[in-house]
Amino acid sequence: MIITVRGWFRVEVLTGAYEYVLANGDRFWEAVRVHLSISLYAFSIAVVLCVPLGIVCAKKQWLSGPIMGLFNSLRVIPSLAVLVIILPLMGTGFAPALVALTLLACPPILINTYMGFRGIEPSIIEAASGMGMSGGTIMRRIELPLSLPLVLSGMKTAAVEVIASATLAAFIGGGGLGTFIINGLGMYNFSLLLVGALPVAMLAILSEVGFAGIERAATKYQR
């Protein structure tokens, strides 16, 4: 079975996708809800875990080696491989897909947080300390603002990766928009495939643009 490139650009394919969404609105919006839920949960858990861990690693160098090495190794593992590894441990469904996506979201957030805090000049911290600032005040007024653009860049990368990889959750029964993609490929139905692929692409672009805007705002605030 060969999928030709011209098949993607037929008007009938786009029309068929539109008609499918109109006829199966409840199913489509439920898939969107599940896709957004699993992406948001995975991203939020990764932020809560990895931002503090990145700060600790930046300040405790003896921890940075093993922890950064562990999370760096996760970056080279394909998304589908992570899902397959989780499958025999947790079975199928929403929960194992959430764990796998959280693991995929952690490395860029952790690494960028670590680099953001490590990149702050020690002389700046020493000057602030010499002015009588406490550790908490230095963190809140100096370290966080200076490292924020790089931290946000890691979050942007993680958000795009999670939204795109969440399509693979359908392989282990996690649901979401990936279900349409898998079914469309299996039935050689371009219209059904686009029902899943186009919203995922749009969500990834929106997250990219949104975080880029936040990064620009944070950079301007520093100036």
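The values are calculated or read from the model by the stated rules, or taken from the named source; none is laboratory data. All values reported here derive from a predicted model rather than from experimental measurement. Heads up, the Cβs are rebuilt from the backbone with ideal geometry, glycines too, and the neighbour counts pull from every protein chain shown. All accessible areas refer to the heavy atoms of the entire protein, side chains included, with ligands and DNA or RNA removed. Shrake-Rupley method; radii C 1.70, N 1.55, O 1.52, S 1.80 Å.
Each peptide in 62-71, 40-49, 181-190 gets a packing score, the mean of other Cβ atoms within 10 Å over its residues, and the list from highest to lowest is 40-49, 181-190, 62-71. Atom-type composition of the exposed protein surface of the chain places 68 percent of the accessible area on carbon and sulfur (1.4 angstrom probe). The simple spin-label model puts a point 7 Å past each Cα toward its Cβ; for TRP29 and ARG118 those points are separated by 4.7 nm.
Under a Cβ-Cβ cut-off of 14 Å, what is the net charge of the residues other than GLY54 that fall near it, where Lys and Arg count +1 and Asp and Glu count -1?
On the way: positive: LYS59, LYS60, ARG118; negative: GLU143.
Taking every Cβ under 14 Å from that of GLY54, the sum is +2.
Count Lys and Arg as plus one, Asp and Glu as minus one, and take only other residues whose Cβ is under 15 Å from that of MET68; the net charge is then +4. Across region 119-125, computed HN-Hα scalar couplings (Karplus, 6.51 cos²θ - 1.76 cosθ + 1.60, θ = phi - 60°) run x, 6, 4, x, 5, 5, 5 Hz from first to last residue, x flagging Gly and Pro. Mean separation of Cα pairs under 8 Å and 6 or more residues apart, divided by the residue count, gives the chain a relative contact order of 27 percent. From the alpha carbon centroid of region 93-148 to that of region 154-214 is 29 Å.
Rolling a 1.4 angstrom probe over the protein heavy atoms with all chains in place gives the chain an accessible area of 55 Å² per residue.
The length gained by stretching the chain between SER64 and GLU19 to full extension, at 0.36 nm per residue less their Cα-Cα distance, is 10.9 nm.
So, by mean Cβ neighbours within 10 angstrom, what's the order for 100-109, 52-61 with the highest one leading?
Values: 100-109: 25.1, 52-61: 17.3.
Final packing ranking: 100-109, 52-61.
Of [x] 1.23; [y] 1.28; [z] 1.04, which one was derived for Cα Rg over 2.2 N^0.38 Å from the structure shown? Structure-derived value, by its label: [x]. Note down the magnitude of the dipole of the chain about its Cα centre, charges +1 on Lys and Arg C-beta and -1 on Asp and Glu C-beta and zero elsewhere, to the nearest 20 debye. Roughly 440 debye, rounded to the nearest 20. Only Lys, Arg, Asp and Glu carry charge here, each on its Cβ (+1 for the first two, -1 for the last two); on that basis region 42-166 has a dipole of about 80 debye about its Cα centre.
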